[in-house]
Structure formats: C-alpha cells, structure tokens
Amino acid sequence: MTAAPHPSVVIIGGGIGGLFAANALIGQGLHVSVYEQASMLGEIGAGVFLTPNAVRHLERVGLGRAVEKWGARVGPASSYFRHDGTPIAPVQVSDASGWNAAFGMHRADLVELLAANLPAGVVRTGHRAVGFEQSSDRAAVAFANGTTAEADVVVAADGIHSELRPHVYPPSTPVFHGTVSYRGLVARERLPSWPMDRWQMWAGPSRHFLVFPVRHGTMVNYVGFVPADEEMKESWSAPGDPDVLRRAFEGWDDRVRDLLLQVDQTFRWALYDREPLPTWTRGRLTLLGDAAHPMLPHLGQGANQAIEDGMALAVILAQAAPSALPASLLAYERLRRERVADIQRGARQNGLRVDSTDADLSARDAQLAAHAEFRKRLYSYDVVPEARAAAAALSGEVSSVTGPSLT
Ligand SMILES: Cc1cc2nc3c(=O)[nH]c(=O)nc-3n(C[C@H](O)[C@H](O)[C@H](O)COP(=O)(O)OP(=O)(O)OC[C@H]3O[C@@H](n4cnc5c(N)ncnc54)[C@H](O)[C@@H]3O)c2cc1C
C-alpha cells in the first residue's frame with residue numbers, strides 16, 4: 001500500500017499551543033505554516049509551569065534538552081503551606097512511575113525554543129486572521145493585510161478570544177471568576193536564600209500565593225490570586241501596583257513578605273474561562289489550546305493541555321487519508337474534548353478549594369494532601385497511544401499502525 005500524501009496545515013496563532021503543534025506536525029511529516037498576528041513572536045515576563053504529561057511530548061519533538069537547559073526543575077521539597085507558613089502537604093511533581101519532569105519556565109524562553117526548533121519560513125508574523133471559508137476539499141484564511149492562506153486543514157490556536165472559533169461554534173461570553181492575579185519575576189540575586197528546587201504555595205482564606213523558579217534558577221516567578229469585585233479586560237499584561245499586592249498579603253508568612261518586598265513591577269490579570277464547548281471542529285477547521293478550552297490556572301494545565309492537543313492532532317493527521325481529513329479532525333476532538341473539559345471543571349474546583357473561606361480549614365488541607373493521587377494520574381497520561389488507536393480505528397488498520405517513532 002502506498003502512503004497517502006501528507007496534508008498541508010495552516011495554524012493560526014504563534015503562542016505556546018500553535019508553536020508546539022507546528023513542531024509535532026512537522027515531526028510527523030506534515031506541511032505546516034503558522035500565522036501570527038504580532039509583528040514578532042514573544043511572550044510577557046512571567047512563568048509557566050510544565051508538567052510531565054506535556055514534557056514527554058516536548059522530549060518527543062527534540063526539545064527535552066532545551067527544556068532542561070532553560071527550565072528550572074522542581075523536586076520533592078515542593079509544598080503547600082497555610083498563609084502563616086504552617087506546612088500542609090507535599091506537592092506532587094512526578095508521575096505515577098516516579099518520573100520527575102516538572103519545570104518552571106519563563107514564557108518567553110518556551111516560545112523561543114519552540115520557534116527555534118522549526119524550519120525557517122514556517123512562522124509568518126504580521127498576519128492577523130480575519131476571515132475563514134471552506135469547500136469540500138480546501139480551507140482558506142483571510143488576513144487583515146489582504147493576503148490569504150489555503151490548506152487542507154486549518155487549526156485555530158488563536159487564544160481565548162479566538163477570531164476563528166465562531167466559524168466552529170456560536171460566540172459565547174467568557175466567565176469572570178471574581179479573582180485577579182498579580183504576577184511577575186524577581187531576580188534571584190535579590191532573594192539569595194530563596195530555595196530554587198521547589199514549587200511552593202501559601203493558601204489562605206480567599207486568596208493564595210504561589211512561587212516557582214524559572215530560567216535555570218536565575219529568576220523567581222510569583223503569582224498572587226486575590227478576590228476582585230470589578231471585572232477587567234482579559235489582558236495578561238495590565239500593570240498592577242506592587243503596594244496593593246503587598247497589602248493583599250499583609251500578615252502572611254515572612255517568606256511571602258520578604259519576596260514581596262523585592263517586587264518593583266507587577267502585572268494584573270483577571271481570571272476568566274469559558275464553559276466547555278460541545279464541539280471544536282467544523283469540516284476542515286479545528287480548535288486547539290485556549291481557543292478550544294480556556295481554563296482557570298488553578299491546575300496549571302492550560303499550556304500543558306495545549307501541548308497534549310498538538311501531539312494528539314499530529315499523530316492522528318499523520319495517518320489520515322486525504323478523503324478522511326474532516327473525520328480525522330473529529331477523531332482528534334473526540335480524544336481531547338472530554339479530558340480537557342474535566343480539567344477545565346477541575347481547575348474551577350481546585351480554585352474554590354484552595355481559596356476556601358471555611359473557618360476550619362482542616363478539610364481543605366486534607367483535600368490538598370489527597371490531591372497528589374489526582375496529579376499522579378494527570379501526569380502519567382500519555383496521549384500518543386490513544387491517538388494512534390484513534391487513527392488506526394479510523395483507517396480500519398488497528399494492528400498495523402506505523403509512523404515516525406514516538407518512543
Ligand atoms: C498568569 C498565567 C499563568 C499561567 N500558568 C500556567 C501554567 O503554569 N501552566 C500551564 O499549563 N498553563 C498556564 N497558563 C495558561 C497558558 O499560558 C495558556 O493556556 C496557554 O498559553 C495557551 O496557549 P495558546 O497558544 O492556546 O494561546 P495563547 O498563548 O493565547 O496564544 C494565542 C496566539 O494567537 C495569536 N493570535 C490571536 N488572534 C490572532 C489572529 N486573529 N490571527 C493571528 N494570530 C492571532 C496571539 O497573538 C497569540 O500569539 C497560565 C496563563 C496565565 C495567564
């Protein structure tokens with residue numbers, strides 16, 4: 001049997017989701033172009049926490065060493081505390097087999113290493129998608145600069161405000177969760193005794209504060225979550241007032257106070273998500289990452305799930321016959337949608353749990369301790385075998401799936 005020609009794929013959005021998907025699809029032999037609205041790729045100065053369920057895919061696209069180099073691996077000293085510093089429980093950072101692949105990363109470093117791993121010319125900046133149309137055998141995206149791009153498949157990885165999502169499902173309103181987060185980075189030399197081998201969170205009534213290292217331990221990333229009654233634009237980078245942040249955590253553990261004393265600049269970010277979508281796909285167009293499933297950050301899974309999406313899509317499309325592309329996109333959606341919806345809902349629940357306002361916090365603390373089992377399962381999941389099975393089921397060749405090695 002001769003192999004079917006690999007389809008061409010246009011990805012809209014050069015964020016973590018779009019760039020990882022490009023790496024995974026190219027690794028599977030597909031023809032890929034990424035179109036990003038910004039004039040250059042980049043990210044704001046903040047951290048992102050990578051967990052084993054995504055790091056295994058970064059390794060598969062050849063980025064394991066880069067993640068080791070630029071990330072900051074955190075280990076078993078990671079811990080939850082009460083707001084006053086009383087230890088609650090260790091934080092699970094390895095999967096069920098004990099594999100420890102949890103890394104704090106600077107977001108800009110992650111974007112840069114994903115982009116640097118792509119062949120020249122794959123990413124085209126300065127292209128803001130403004131329109132989409134498709135026929136039975138082609139899909140096309142129109143850009144604000146007057147150009148268009150055609151492909152067999154279009155992947156909208158254009159974030160929570162996705163321009164292309166309404167071509168899949170009618171527009172919905174993002175849900176505000178009454179919380180604002182303050183986040184930023186502090187140089188290690190300003191906190192010389194800060195332990196750089198751990199992820200730490202202080203959980204107080206109605207708010208919490210978390211810290212992990214990034215950029216091979218040269219910077220400390222912090223995020224403080226506080227209640228807010230005013231909605232604000234879903235901007236990730238509105239400037240915040242460091243004094244307001246300090247006041248929000250006044251009287252907390254000395255370690256939190258000492259870190260906050262070193263904060264000169266902070267960014268405010270209001271917490272929004274969306275209800276899980278009933279579908280991600282229409283014909284030759286599918287959604288990926290925050291475009292498909294914007295979630296609260298309380299399980300630290302938005303980027304990690306976007307990476308799982310990209311790997312699943314690549315494995316399935318690599319096996320797809322030209323006539324089966326829409327069916328293959330539906331297979332990708334079937335594989336991903338419920339898992340991610342569970343995580344979207346779980347992130348809401350975990351936020352409520354951590355920010356509990358109960359007078360007696362012992363039940364909350366017990367749940368945080370028990371959370372390790374959930375994390376082990378989350379981190380042990382490998383989407384590749386399931387994607388292969390889904391692809392094989394589509395082609396009716398369950399027993400003879402081949403493709404580039406993904407050990
Ligand atoms: C404070 C904070 C902390 C977080 N921490 C974590 C964490 O620890 N772990 C984790 O897993 N996740 C975390 N997340 C979530 C994670 O960052 C997101 O889920 C992830 O970045 C989503 O990636 P994406 O590529 O889908 O979307 P985005 O990062 O939003 O990228 C979308 C891209 O599309 C481009 N774009 C938009 N519209 C268009 C258009 N019309 N045409 C062309 N291009 C367009 C944008 O410019 C952007 O580059 C955090 C998020 C925040 C805000």
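The values are calculated or read from the model by the stated rules, or taken from the named source; none is laboratory data. A quick note: this is a predicted structure, and the numbers were derived from the prediction, not measured. For neighbour counting, all protein chains shown are included, and Cβ atoms are generated from backbone atoms with ideal geometry for every residue, glycine included.
Filter the stretch 130-148 for residues that are farther than 22 Å from L330 by Cβ, within 11 Å of the ligand (Cβ to nearest atom) and in contact with a strand residue (DSSP E or B) (Cβ under 8 Å, 6 or more places away or on another chain) and give the result.
V130, G131, A142, F143, A144
Which residue out of L110, L63 is surrounded by fewer than 23 Cβ atoms within 10 Å (Cβ to Cβ) and either over 30 Å from R364 (Cβ atoms) or within 10 Å of the ligand (Cβ to nearest atom) (or both)?
It is L63.
Could you go through the stretch 116-123 and let me know if any residue there is within 14 Å of the ligand (Cβ to nearest atom), among the aliphatic types (A, V, I, L, M), under 21 Å from D158 (Cα atoms) and surrounded by fewer than 19 Cβ atoms within 10 Å (Cβ to Cβ).
No, because not a single residue in the stretch 116-123 is within 14 Å of the ligand (Cβ to nearest atom), among the aliphatic types (A, V, I, L, M), under 21 Å from D158 (Cα atoms) and surrounded by fewer than 19 Cβ atoms within 10 Å (Cβ to Cβ).
Could you please find all residues in the stretch 81-107 being more than 13 Å from the ligand (Cβ to nearest atom) and out of contact with any Phe, Trp or Tyr (no Cβ under 9 Å at 6 or more places or on another chain)?
Within the stretch 81-107, T86, S97, G98, N100 meet the criteria.
Looking at the stretch 17-41, I want the residues that are within 15 Å of G126 (Cα to Cα) and have a partner that is away from the ligand (no atom under 14 Å from the Cβ) and at pLDDT 95 or above with Cβ atoms under 7 Å, at least 6 apart or on another chain. Which pairs are those?
S33/V122; V34/V122
Check whether at least one residue in the stretch 186-206 is assigned to a strand (DSSP E or B), in contact with a Pro (Cβ under 9 Å, 6 or more places away or on another chain) and surrounded by fewer than 21 Cβ atoms within 10 Å (Cβ to Cβ), and report yes or no.
no
Among the candidates E234, E308, E250, E230, which residue alone is modelled with pLDDT of 95 or more, assigned to a loop (DSSP other than H, G, I, E, B) and within 30 Å of Q200 (Cβ to Cβ)?
So the residue among E234, E308, E250, E230 that is modelled with pLDDT of 95 or more, assigned to a loop (DSSP other than H, G, I, E, B) and within 30 Å of Q200 (Cβ to Cβ) is E250.
Can you report the number of residues in the stretch 307-326 which are within 10 Å of R388 (Cα to Cα) and of a type in the set (V, I, T)?
Result for the stretch 307-326: 2.
Identify the residue in the stretch 68-102 that is charged (D, E, K, R) and surrounded by fewer than 19 Cβ atoms within 10 Å (Cβ to Cβ) and, among all such residues, is nearest to N350 (Cα to Cα).
Step by step, filter the stretch 68-102, then rank; the result is R82.
Collect the residues in the stretch 249-287 that are of a type in the set (S, T, N, Q), crowded, with 19+ Cβ neighbours inside 10 Å and more than 21 Å from the chain's Cα centre (by Cα), keeping them in residue-number order.
T266
Considering only residues that are buried (at least 20 other Cβ atoms within 10 Å of the Cβ) and either more than 14 Å from the ligand (Cβ to nearest atom) or among the β-branched types (V, I, T) (or both), which ones fall in the stretch 169-185?
Across the stretch 169-185, the qualifying residues are T179, V180.
Pick out the one residue from A392, A347 that is modelled with pLDDT under 95 and closer than 28 Å to S135 by Cα.
Testing whether each residue is modelled with pLDDT under 95 and closer than 28 Å to S135 by Cα leaves just A392.
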